[in-house]
Structure formats: C-alpha cells, structure tokens
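The structure appears below as structure tokens.
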Amino acid sequence: MTTRTLAVLSAGLSVPSSTRLLADRLTTATVAALQARGEDATVEVVELRAHAHDLADALVTGFPNAALRTAVDTVVGADGLIAVTPVFSASYSGLFKTFFDVLDNDALTGKPVLMGATAGSPRHSLVLEHAVRPLFSYLRAVTVPTAVFAAADDWAGGGVDQTLASRIERAAGELAGLVAGQPVSSRPADPFADPTTSFEDLLRGQ
C-alpha cells in the first residue's frame, strides 16, 4: 500500500474555527477516498493563524524563517493540498493570500488542490470561482472540479447539511483520484543537509 501525504492549509482566525472544521471534514473524506483506492495517507496541518507574524516578516525580508519554512515545505512536498479560507471583503483572506505570495511561482506546479471557503452568508459562495480558483490557476496547480463552500447555516444544529456533505464527498473523491494517479512526492531537498559534501567544497561550488 502506498502512503500519500496530504497538506491541509487552514486560514481560520478563531478557535474553534468553521474554516478549520470544513478543512477537517474535507480531510477525513479524502483519507477515506484514498483508502478506498488502496492508498494510505498521512495528514499534516498548517494553521496560518500561527504564522501571521512569520508571513509579515517574510514579506519584508524576502525569505521565510525556520517555522514558516517548515510550513512551506509541508505544502510544497505533499502529494495533495486541501486549502480552506474564510471570506473577507468578498474574497480570500489576506493571511491566506500572503502565504501563497511567499511561495516560488512554480512551487505548486501540477499539485492537486481541493479548495474550500467559509462565510457567514451563502451570498459569497462564488468566491471560490472568481478568486480562489484563479489564484491556483496562476500558480499552475491542478484544482479539482468541485470546490466546497460552507455558510454558517450549513453547520446549524451541530450537524452538516446533507447538500454540503454530498459536495464534500464528491470533492474528496476527485482529489483522491488525482493524488492516486500521480507519483509519490517528497519534500524539497535541504542543501545544507548534504551529508557528504564539505562546507569548503560547497564554497568552491563543487
């Protein structure tokens, strides 16, 4: 059985967060869909709320610190990405966008991505198509056809609206299909972790 890695990116600001709740539902459904295809999965979650200061520092210095570098490597090295943002001012949140602003332009090329968004009103449901999908298209990621939006009413009563549950299942199946059809990914190599080349040789460009 092949083990796949899923990176889960949540830009929720509160604790608990409906954005994280949707990300967790999408993750559980995707893991189940991968297992149904004979694939195992490990899940690594990146909570952007914990990296707000790191992202601001990266914008002004031009490089991520160690904590943000770990988060970036988690996303870039995963076999598939589940990315969920709250809707602010009719678009993705600034925190969500800033994370992708610090990535290399080709870091997500060919990466299967499942998009999700949350908001207080269903009137924002098209944000996934007019804002989030174009962002991933620019980064040359491969988004699944089904994007998942959840409004506050979808979580009413502590359960999940049946239409939302069906959409989660469909999107998860689409992501699992893309992930299972690709070679296993790996984290970007750390050039400073080279165990055989001496520091003097590195300085000489060897």
Review point. Among the strands (runs of 3 or more DSSP E) confined wholly to the range 1-109, which include 2 or more residues that are surrounded by fewer than 22 Cβ atoms within 10 Å (Cβ to Cβ)?
Key: 2-10, 39-47
**Study point:** Whichever residue in the range 143-160 is modelled with pLDDT of 95 or more and of a type in the set (Gly, Ala, Ser) and, among such residues, is surrounded by the fewest Cβ atoms within 10 Å (Cβ to Cβ)
**Key:** 147
**Study point:** Residue within the range 135-146 that is more than 14 Å from the chain's Cα centre (by Cα) and in contact (Cβ under 8 Å) with a residue 60 or more places away in the chain present
**Key:** no
Revision key, fill the gap. Only one of 140, 187 is within 21 Å of residue 41 (Cβ to Cβ) and either part of a loop (DSSP other than H, G, I, E, B) or modelled with pLDDT of 95 or more (or both), namely 187
Exercise for review: For the range 161-172, state whether one or more residues are in a loop (DSSP other than H, G, I, E, B), in contact (Cβ under 8 Å) with a residue 12 or more places away in the chain and either within 29 Å of residue 105 (Cβ to Cβ) or open to solvent by 20 Å² or more (accessible area, probe 1.4 Å) (or both).
Suggested key: no
Review point. What tally of residues in the range 110-137 results from selecting those that are open to solvent by 30 Å² or more (accessible area, probe 1.4 Å), within 14 Å of residue 92 (Cβ to Cβ) and not in a helix (DSSP H, G or I)?
Key: 2
Practice item. Return the only residue of 43, 75 being of a type in the set (A, V, I, L, M) and under 19 Å from residue 137 (Cα atoms). Key: 75
Practice item. Scan 8, 43 and give me the residue that is modelled with pLDDT of 95 or more, within 22 Å of residue 129 (Cβ to Cβ) and among the hydrophobic types (A, V, I, L, M, F, W, C). Key: 8
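The values are calculated or read from the model by the stated rules, or taken from the named source; none is laboratory data. The structure displayed is predicted, hence computed values, not measured ones. When we count neighbours, we look across all protein chains shown, and the Cβ atoms used for this are built from the backbone with ideal geometry, even at glycine. Just so you know, the surface numbers come from the protein's heavy atoms only, side chains and all, with ligands and any DNA or RNA stripped out. Shrake-Rupley method; radii C 1.70, N 1.55, O 1.52, S 1.80 Å.
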